[in-house]
Amino acid sequence: MIVDGTAPAALPSQLPQSPPIRSRLALTIAGFGALAIASCVLAPLVGSSSISLRRALDSSIPFASNVDAQILFIARLPRVLAGALVGAALASAGVVFQALLRNPLATPFTLGVSAGASLGAMLVIILGGTLAVGPLSPVPAASLAGAGLAAAIVYALANGPRRVMSTTVLLLAGVTLNAFFSALILFVQYLADVAEVYRATRWLMGDLDVGSFTPIVAALPLIVIAGIIFARMPSALNLMGVDSDSAAARGVDVAATQRWAFFSASLATSAAVALAGPIGFIGIVVPHLVRLLVGVDHRIVLPASALFGATFLVISDMLARTLLAPVEIPVGIVTAIIGGPFFLWLLVREA
Amino acid sequence: MSYLVAHEVSYAYPRRGRAVAMPAVSEVTLAVERGSFTGLLGPNGCGKTTLLKMMAGILRPASGTVTLAGRALADMPRRVAARHVAVVPQDTHPAFDYTALEIVLMGRHPHLRPTQLEGPGDLTIAHQSLQSTGTLHLADRPFTSLSGGERQRVVIASALAQQPDVLLLDEPTASLDLGRQLEVAALLRRLSRENDVTMVMATHDLNLAASMCDTLALLRQGRLLHHGSTADVLTETAVRQLYDVEADVQFHQASGHLTVTPVRRIG
């Protein structure tokens, strides 16, 4: 089209038809919400031992002698809820980290938060420790402390003389911290005996078998706080994904948004890792899958990723419990083995 | 009346290590009239971009103030300032694959609350902005699939969707071929004339500046050498002072503006 000095004509009556954000958002949340609810309803009913829902919910049988109810309410339901919570936290933290770092390859673990958490957990598992903090048992407490330490180090390094964080420094500091903590983890494992190393390695593979609702109740407030902060950020993240100067010129407080994004995404990641270990792949594969389906607008990608992350992890854990039953596959292995090829297939199909 | 004014603004980028911080802009005072088209000329590294960023409120001056209609920009909430001043950078490289329409709709950000979704009114403004930059047919195309000229026009549309009184442009035609340069130039001239938008444009293209700008400001090593009407400022002496280049400056009848022909570099 030639642009000259003449005034533009009135808008044509036939405008490009992209549905407005409201209907796209409503449709996306309804779709992904239905998937998440369906997976959370289905997963507790499926397992290595088959249970009767009618019997499990029969209040005439005392709970102590109702095996079906015990399996449902003590073994499976907490596990499904933990899966939903961890999946939602990791997937949405992935979205926020990718926007903060302006890098679609970032994961919740890129900045070293999970390596810090893992080191904390390793130390307690191998050296032993009995310090329980409130509802947190020693391993999650140490893992939260490790995650907080890692986040504090990265934050201090990236917050130099300029008020706006350097994403390059953040990335390099994160990568270095990951390597450093991994070396420490290996060193601690090297000093330990075989049984302890097995427990430690098993923790690193991720496990949603939380055993009761208590650990979930402990992690929930942290994830809810992160979620409330996430909910205020998508527009600013959209603009920062274009260019941080342009974002500032459109009224975004870039330095403050970066700090809130870093804090909230680190908080969600720390809580998720403390609850279930460092379950990989969700934080990167779920946001990308969602973008392939609904586009890149963070106002849609963020809630859709949270819902789909929950679905993805609940289903993965269901498969982990049942595929080789009665043997259980660590859920972190399942997420990568199922998610990896599926993601590659989608990429190839798109290209 | 002067609308956007930089009063003795200075800025120095912090240096790493033991090096001393180098001043990028030193005590520059520049007053821009409402509805005028001002060109910002000077060699690489003379502080054009830094001055533009301070006038946009993106960078806070180390000393001095920027005022918009008499109010200090630093005292305004960012969102409020962004309703008046928009910026068109030289290049835009989004990290995600936004569509052209999504990029333009982001221009509505300062007019919406942080969690408010854009409504039909915002969509109409976005469509009008695309229309006036000749990019309406590109609305649903991914931004990264567009050519350089198309991208720059979409970015200008995004700035227009902000409905600003002032548009600050940082070498908006630098990455474009000759045809696209003239296209964007004509677009900017028309917007300045019809929408009464005050324009400040940093550029290396002296002929483009001569064809578009009412006034020129000359910057060298972070200091303002001269600010005046294009006819007064754009002289052979000025070109020598700025670029160490001997040039021939003539009035060109067919184009109706001054033209600059570089002859040789001095020294």
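What's the exposure ranking of B:Y243, A:Y198, going from fewest to most Cβ atoms within 10 Å?
Details: B:Y243 19, A:Y198 12.
By the 10 Å Cβ count, ascending, the order reads A:Y198, B:Y243.
Report the antiparallel proportion of the DSSP beta bridges in the protein assembly as shown as a percent, rounded to a multiple of 5. Provide the component values of the computation, followed by the final result.
Values: 31 of 48 bridges.
Among the beta bridges of the protein assembly as shown, antiparallel pairing accounts for roughly 65 percent.
Report the per residue volume, in Å³, of the convex hull enclosing the C-alpha atoms of the range B:158-267. Don't skip to the end; give the middle numbers.
Numbers: hull volume 13.9 nm³, N = 110.
Hull volume normalised by residue count: 126 Å³.
Rounded to the nearest 500 deg cm²/dmol, what is the calculated helix-only ellipticity per residue at 222 nm for chain A, with -39500 (n - 2.57) per DSSP H run of length n ≥ 4?
Numbers: 15 runs with 240 residues, N = 351.
Helix contribution divided over all residues of chain A: -22500 deg cm²/dmol.
Give me the percent relative contact order of the range A:32-350, please, defined on Cα pairs under 8 angstrom at least 6 residues apart.
Numbers: 514 pairs, mean separation 97.2, N = 319.
It comes to 30 percent, rounded to a whole number.
Between B:A69 and A:A255, what is the label-to-label distance in nm when each label sits 7 Å out along the Cα-to-Cβ direction?
Spacing of the two 7 Å Cα→Cβ label points: 2.8 nm.
Distance from the Cα centre of the range A:320-348 to that of the range B:79-148, in angstrom?
40 Å
Given points 7 Å out from each Cα along the Cα-Cβ axis, report the B:A12 to A:L184 separation in nanometres with one decimal.
3.8 nm
Label points 7 Å out from Cα along the Cβ direction at B:A254 and A:A34: separation in nm?
6.5 nm
Pull up the DSSP beta bridges for the range B:116-267 and report the antiparallel fraction as a percent, rounded to 5. Present the calculation step by step, with values, prior to reporting the outcome.
Details: 14 of 19 bridges.
If we restrict to bridges inside the range B:116-267, about 75 percent are antiparallel.
Taking the Cα of B:E33, stepping 7 Å toward and past its beta carbon, and measuring to each backbone N in the range B:233-267: which are under 20 Å?
Residues B:233-235, B:257-258 fall inside that zone.
Starting from the exponent 0.38 and prefactor 2.2 Å, build the expected Rg for chain B from its residue count and divide its actual Cα Rg by it. Let's see the in-between values first.
Details: Rg = 18.8 Å, N = 267, 2.2 N^0.38 = 18.4 Å.
Against the compact-globule rule of thumb, the ratio is 1.02.
Assign one of three labels to the protein assembly as shown, namely rounded, prolate or oblate, based on the Cα gyration tensor with a ≥ b ≥ c the square roots of its eigenvalues; rounded applies when a/c is under 1.5, prolate when it is not and a/b is larger than b/c, and oblate otherwise. Display every interim value, and only then the final one.
Working: a/c = 2.95, a/b = 2.03, b/c = 1.45.
Prolate, because a/c is 1.5 or more and a/b exceeds b/c.
Please determine, in degrees from 0 to 90 and to the nearest 10, the orientation of helix B:148-161 with respect to the longest principal axis defined by the Cα atoms of chain B, where the helix direction is its Cα long axis.
Result, in degrees: 70.
For a footprinting-style exposure proxy, rank A:C40, B:C46 by other Cβ within 10 Å, fewest first.
Working: A:C40 18, B:C46 22.
Final ranking by Cβ density, sparse to dense: A:C40, B:C46.
So if I take the centroid of the Cα atoms in the range A:174-215 and the same for the range A:248-310, what is the distance between those two points in Å?
Each part's Cα centre sits 24 Å from the other's.
Taking the mean number of other Cβ atoms within 10 Å as a proxy for protection, how do you rank A:104-113, A:144-153 from highest to lowest?
Working: A:104-113: 24.3, A:144-153: 22.1.
Going from most to least packed, we get A:104-113, A:144-153.
Can you tell me the mean projection area, over all orientations, of the convex hull of the range B:1-98's alpha carbons? Units nm², please.
Numbers: hull surface 33.4 nm².
Seen from a random direction, the Cα hull of the range B:1-98 projects 8.3 nm² on average.
Do you know the relative contact order of the range B:13-164, to the nearest whole percent, from alpha carbon pairs under 8 angstrom that are 6+ apart?
Values: 152 pairs, mean separation 34.1, N = 152.
Value for the range B:13-164: 22 percent.
Can you give the mean number of other chain Cβ atoms that lie within 10 Å of the Cβ atoms in peptide B:109-122? List each step's numbers first, then the result.
Working: counts 9, 4, 2, 2, 1, 9, 6, 1, 8, 5, 3, 2, 0, 2.
Across the residues of B:109-122, the mean count of other-chain Cβ atoms within 10 Å is 4.
Within chain B, what percent of beta bridges assigned by DSSP are antiparallel, to the nearest 5?
Close to 65 percent.
Taking R0 as 41 Å, what FRET efficiency do you get between A:W345 and B:L225 from their Cβ-Cβ distance, rounded to the nearest 0.05? Write down the numbers at each step before the final one.
Working: r = 61 Å, r/R0 = 1.50.
Computed FRET efficiency for A:W345 and B:L225 comes out at 0.10.
If you take the square roots of the eigenvalues of the alpha-carbon gyration tensor of chain A and sort them as a ≥ b ≥ c, do you get rounded (a/c under 1.5), prolate (a/b over b/c) or oblate?
In terms of gyration-tensor shape, oblate.
Between rounded, prolate and oblate, where does the range B:87-168 land on the alpha carbon gyration tensor, with a ≥ b ≥ c its root eigenvalues, rounded for a/c under 1.5, else prolate if a/b exceeds b/c?
Details: a/c = 1.43, a/b = 1.33, b/c = 1.08.
It comes out rounded by the Cα gyration axes.
For each of A:L208, B:L225, B:L178, count neighbouring Cβ atoms within 10 Å of the residue's Cβ, then give the residues from fewest to most.
Details: A:L208 27, B:L225 16, B:L178 8.
With the sparsest Cβ surroundings first, the list reads B:L178, B:L225, A:L208.
Since every read-out is calculated from the coordinates, none of them should be taken as a lab result. Please read these numbers as outputs of a predicted model, since none were measured by experiment. In this analysis, Cβ positions are derived from the backbone assuming ideal geometry, glycine residues included, and neighbour counts consider all displayed protein chains.
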